[in-house]
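Quick notes on the structure that follows.
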Amino acid sequence: MLRKKRTGNRLEPIVPFNYMWVGTCFHHAVCAVLPYFGVDHKQFLLANYEFFGDGLTFRRMLDRTSEQIFDDLGLRLEDACFDGPESVMEYIDAGVPVIAGMDCYYIRHRTDTFGKTHANHFLLIFGYERRKKRFLTIDHGYVNSPIFYEMPLAFSVFREGNAAFAEYFG
């Protein structure tokens, strides 16, 4: 089991989840953060399925909520409203990574949507650099891209994108 730690204002070990496409940006963020809590991503991925007899026959359990799945894994999913970068930094300082809702219209590295269209999105925040006024995030570069990267996100972009997410999609 990996041990979670903090190096400065960065939570480790948190790395992009690029083994396979898992459906949504939210699910990719969850799979990237699970090892930090000592949970194998396979437990999360298989939590929506029920297996029978030989172990090869299964069906999807559509009535399970994310909260139920997290509870089964010994984790808590918490909805939080962020007043800005400072409130996210409080979570990071407490050793808690943040999966934040964003409106892609404001995310500069999302060239397919930046300044063009409003789209709901989730990205993982696992650290920050206060002097550079930016978060350390895991995100992908365009809608349905299967490859996720570590990339910085300016506090000002977070403030705009998160507020618009709450307004349009919250």
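The values are calculated or read from the model by the stated rules, or taken from the named source; none is laboratory data. The shown structure was predicted, so the numbers you read here are calculated from the model rather than taken from an experiment. Using ideal geometry, Cβ is built from the backbone for each residue, glycine included, and neighbour counts are taken over all protein chains shown. SASA here: full protein model, heavy atoms, side chains in, ligands and nucleic acids out. Shrake-Rupley method; radii C 1.70, N 1.55, O 1.52, S 1.80 Å.
Let me confirm something: among ARG110, ARG134, which residue is of a type in the set (D, E, K, R) and in contact (Cβ under 8 Å) with a residue 24 or more places away in the chain?
ARG110
Criterion first (free of Cβ contacts under 8 Å to residues at least 60 places away in the same chain and open to solvent by less than 60 Å² (accessible area, probe 1.4 Å)) does ILE125 satisfy it?
Yes: the conditions hold for ILE125.
Of the residues GLY74, GLY101, which is among the small types (Gly, Ala, Ser) and over 14 Å from the mean Cα position of the chain (by Cα)?
Details: GLY101 fails: over 14 Å from the mean Cα position of the chain (by Cα).
The conditions single out GLY74.
Determine, yes or no, whether THR113 is open to solvent by less than 20 Å² (accessible area, probe 1.4 Å) and hydroxyl-bearing (Ser, Thr, Tyr).
yes
Taking the range 85-110 on its own, how many of its residues are open to solvent by 10 Å² or more (accessible area, probe 1.4 Å) and in a loop (DSSP other than H, G, I, E, B)?
Final tally of qualifying residues: 6.
Among the listed residues ARG108, ARG131, which satisfies the condition of being more than 21 Å from LEU11 (Cβ to Cβ) and not polar (S, T, N, Q)? If you could, list the steps in order and put the result at the bottom.
Details: ARG131 fails: more than 21 Å from LEU11 (Cβ to Cβ).
Residue meeting the stated conditions: ARG108.
Against the condition part of a loop (DSSP other than H, G, I, E, B) and crowded, with 22+ Cβ neighbours inside 10 Å, how does ARG131 come out, does it pass? Spell out how you get there, then give the answer.
Values: part of a loop (DSSP other than H, G, I, E, B): yes; crowded, with 22+ Cβ neighbours inside 10 Å: no.
So ARG131 fails the test.
Kindly list, by first and then second residue, each pair from a residue in the range 16-33 that is touching a residue at least 24 places away in the same chain (Cβ under 8 Å) to a residue that is acidic (Asp, Glu) and surrounded by fewer than 23 Cβ atoms within 10 Å (Cβ to Cβ), limited to pairs with Cβ atoms under 8 Å and residues at least 6 apart or on different chains.
PRO16/GLU150
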